[in-house]
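Values in this text are rule-based calculations from the coordinates and carry no lab data. Nothing here was measured: the structure is a model prediction, and the numbers come from that model. Don't worry about glycine lacking a Cβ; one is built from the backbone with ideal geometry, like all the others, and counts go over all protein chains shown.
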Ligand code: SF4
Ligand code: FES
């Protein structure tokens, strides 16, 4: 019989867990869950080598181990530091950590535009969440934010370099999930940018996964851009028999329209594993080409964390509300009830937003009304 592995006891924010040797502090904290788990903007479990870049996961090690209980002199990146037996870690119970995290967020926001109102990632952006928890209402930075020349990455993926936090997740994804990486981080220092080497498109079969791993709105889905806010869409789990990938996805619907298709993600925002224990990366065909409910076998509404803005979505598990007009008018029917579709060209119910290329602009509706 194989020897049983001796588990390490680690105490994080006064809660003790047992984990196998080689587990990072971050993963041990995730085992406890909730606020004890530090935020992670660059670490991504399925991607080898990720982590160690953004410093949002800093924690205080108050005791190194049972054998050597001295505290570590500096805060450490929990995604890149492994636990020791008897280690004592402080995350939300450490004022030093909170202070450092506030500073990290301030640095991340120095160059990041505050364009959440027009950013497709709003509502599921990890930097937006961090800013709410640790950000300040104003900036101390006096200089102009960085700007970049526009860079076209092809027909599926939109790059907004000003939003990038250089976490390298998309680079690792292209390296490890596709067979031909054509993009990377070019230049150094504050000139560093995500770009392709010689104006190439990102068009590998699995390259769409860079959209899912990007923690901010730097890489977004061109087929979904500006079509809806994520909290107005209804996420449902669905699958299809795909010859290229696992075919297990989340459809983001508005009514019966499929506005967006993504891989399934867990509570940490990472791609979920399929039954065989492998990450459920999805192919471009499933993500960008299958935008009809008839393409999919619907499994049911996705579970949404109640902390997510998406859980405020009144369309999830909701019954259509009763008609209120008559109720507020003391039971009388209104004399004139305007149908917005009759008076506005931009709410045309005959325009299927999921089937048009790119964002919906006035032209889409103009063409429709002329035809
Ligand atoms: S584009 Fe997104 S995933 Fe890629 S390095 Fe920038 S922030 Fe990270
Ligand atoms: S998640 Fe640990 S350094 Fe970025």
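Some points to look at:
- Our summary of shape: the Cα atoms of the stretch 91-160 have principal axis extents of 47, 28, 19 Å, ordered from largest down, in whole angstrom.
- Mean separation of Cα pairs under 8 Å and 6 or more residues apart, divided by the residue count, gives the stretch 230-312 a relative contact order of 34 percent.
- Relative to its residue count, the stretch 8-93 spans a Cα convex hull of 87 Å³ per residue.
- For the chain, share of DSSP beta bridges that run antiparallel, in % to the nearest 5: 90 percent
- Per-residue [θ]222 nm for the chain (sum of -39500 (n - 2.57) over DSSP H runs n ≥ 4, rounded to 500): -4500 deg cm²/dmol
- Residue order, fewest to most surrounding Cβ atoms within 10 angstrom, among 297, 249, 182: 297, 182, 249
- Residues 190, 212, 152 in ascending order of nearby Cβ atoms (within 10 Å, fewest first): 190, 152, 212.
- Calculated Rg and Dmax of the stretch 75-221 using C-alpha coordinates, Å: 17.2, 52
- Per-residue Cβ neighbour rank within 10 angstrom, fewest leading, 213, 230: 230, 213
- Cα→Cβ-extended label distance, 7 Å offset, between residue 118 and residue 145, nm: 1.1 nm
- Segment residue 274-residue 294, length gained on full extension (0.36 nm per residue, minus Cα span): 4.9 nm
- In the stretch 8-93, Cα pairs under 8 Å separated by at least six residues give a relative contact order of 38 percent.
- The chain, relative contact order [Cα under 8 Å, separation at least 6], %: 12 percent
- Global form of the stretch 1-160, assessed from the alpha-carbon gyration tensor, a/c cut-off 1.5: prolate
- The C-alpha atoms of the chain define a longest principal axis, and helix 95-111 lies at about 50 degrees to it.
- Translational diffusion of the chain, µm² s⁻¹ [Kirkwood Rh, Cα pairs; Stokes-Einstein; 4 °C; 1.567 mPa s]: 56 µm²/s
- The ellipsoid equivalent to the alpha-carbon distribution of the stretch 221-286 has semi-axes of 21, 13, 11 angstrom, derived from the gyration tensor eigenvalues as √(5λ) and listed largest first.
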